[in-house]
1. Can you find even one residue in region 207-221 that is in a strand (DSSP E or B), crowded, with 20+ Cβ neighbours inside 10 Å and touching a Ser or Thr at 6+ places or on another chain (Cβ under 7 Å)?
2. Could you run through region 241-299 and say how many residues are closer than 12 Å to Asp168 by Cα, at pLDDT below 95 and in a helix (DSSP H, G or I)?
3. Considering only region 141-159, how many residues are touching a residue at least 40 places away in the same chain (Cβ under 8 Å) and either under 16 Å from Gln247 (Cβ atoms) or assigned to a helix (DSSP H, G or I) (or both)?
4. Would you confirm, using the coordinates I've provided, whether Cys97 is away from the ligand (no atom under 13 Å from the Cβ), at pLDDT 95 or above and over 15 Å from Arg157 (Cβ atoms)?
5. Out of Arg157, Arg190, report the one residue that is in contact with a strand residue (DSSP E or B) (Cβ under 7 Å, 6 or more places away or on another chain) and more than 16 Å from the ligand (Cβ to nearest atom).
6. Just one of the numbered conditions (1) in contact with a Cys (Cβ under 8 Å, 6 or more places away or on another chain); (2) surrounded by fewer than 21 Cβ atoms within 10 Å (Cβ to Cβ); (3) within 23 Å of Arg261 (Cα to Cα) is not true of Pro105; which one?
7. How many residues are buried (at least 16 other Cβ atoms within 10 Å of the Cβ) and in a helix (DSSP H, G or I) if we restrict to region 173-191?
8. For the condition of a type outside the set (S, T, N, Q) and without any contact (Cβ under 8 Å) to a residue 40 or more places away in the chain, what is the one hit in Arg261, Arg242, Arg236, Arg221?
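The values are calculated or read from the model by the stated rules, or taken from the named source; none is laboratory data. These numbers were taken from a predicted model, which means no experiment stands behind them. Every residue, glycine as well, gets a Cβ built from its backbone with ideal geometry; the counts of neighbours run over all protein chains shown.
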Amino acid sequence: MTENDAFWDFYWESHLQPMENLGKRAAILSVSALIRRLAEQTSQPLRLLELGCGEGQVIGTLLEAHLQVCSLPGSLGVDYNAQFLAQCRRDYSGLRCIEGDFTDPVLLDGLGKFDIVLLVNALHEVFSDCYSPELGQIDIPAAKLRVEQALAAAADRLEPGGWLVLFDGLEPAGDPLAMVRIRFRDHGVRQDFDTFVAEYQPLKITYRQVEGPLSVELPWRDFTRYITKSIFLGKRLWESERLQSYQYFKEGEYRAAFERRGLKIADLQTLTVNEEKWRNLVDIDTPGVSFPDEHILILAHRDDPNL
Ligand SMILES: C[S@@+](CC[C@H](N)C(=O)[O-])C[C@H]1O[C@@H](n2cnc3c(N)ncnc32)[C@H](O)[C@@H]1O
């Protein structure tokens, strides 16, 4: 470890302490390391673009930390939620924000080019926006196409040699319809499960009752959604979380989508940050099955033809 790395470890340890979302922390740490690496290779200030920046915690925190090597006026956050952007402007004055839909190619074409484009917990919302009232669930082929188009438009905002960083949900490996047997820790957890089944909108959750009220069997796909969302049950965020599928692509689908856009993956990690919380809620009784990785973090770059 260099002295410089030690400084940044210390910096982030204190600055990220209040940030509850551990997944977001992982994204910030790896983009910080990327910024430091890129800054050594250029004398130009780096320009960052975050699509779906929300209240700006990710891009704002990164720019605050790396103002010496990043361009504040050259960086930008885009979000279609005016309230989130108002908070972003209050918290990170000087950061430029645009209110708009980042899946709109006309809006994106007008933004210019950037050294780093961030998609942090944003594409699963694009996927979830394709809910079809006629189908009573997300129109999955249309939703995947929309995600792929949004990814393509984001990649088009990169300078040659630029980097795209994606952090989002992961559809875990394995047969989505394979049945998993679980046991709820108590009746309260069971009640929350029933609320989840009744109120989760993106797709119909199915399950089969086995051995008394605390044991059920459900498809691996539905189990994954249950544990991801269970931590929001009974909280204010449940009202928005129940409308969104955090999962949309398996690892192989991410890899293929990046390759189709000419993006070379330099680093790919899958991670779980809530396993301890899940263990307090349910036991998995199916042998050989364990809690899935929930998130994926990908750092990919576009080739620079001049190198
Ligand atoms: C889960 S939040 C993540 C915010 C931020 N990236 C972070 O990690 O703190 C997702 C954000 O994406 C925004 N969003 C989703 N789809 C969008 C779209 N098509 N155009 C613009 N913003 C979008 C939402 O309004 C929301 O602020």
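1. Yes, because at least one residue in region 207-221 is in a strand (DSSP E or B), crowded, with 20+ Cβ neighbours inside 10 Å and touching a Ser or Thr at 6+ places or on another chain (Cβ under 7 Å).
2. Number of matching residues: 0.
3. Result for region 141-159: 12.
4. The answer is no for Cys97.
5. Arg190
6. (1)
7. Summing the residues that are buried (at least 16 other Cβ atoms within 10 Å of the Cβ) and in a helix (DSSP H, G or I) in region 173-191 gives 2.
8. Selected residue: Arg236, the only one of Arg261, Arg242, Arg236, Arg221 that is of a type outside the set (S, T, N, Q) and without any contact (Cβ under 8 Å) to a residue 40 or more places away in the chain.
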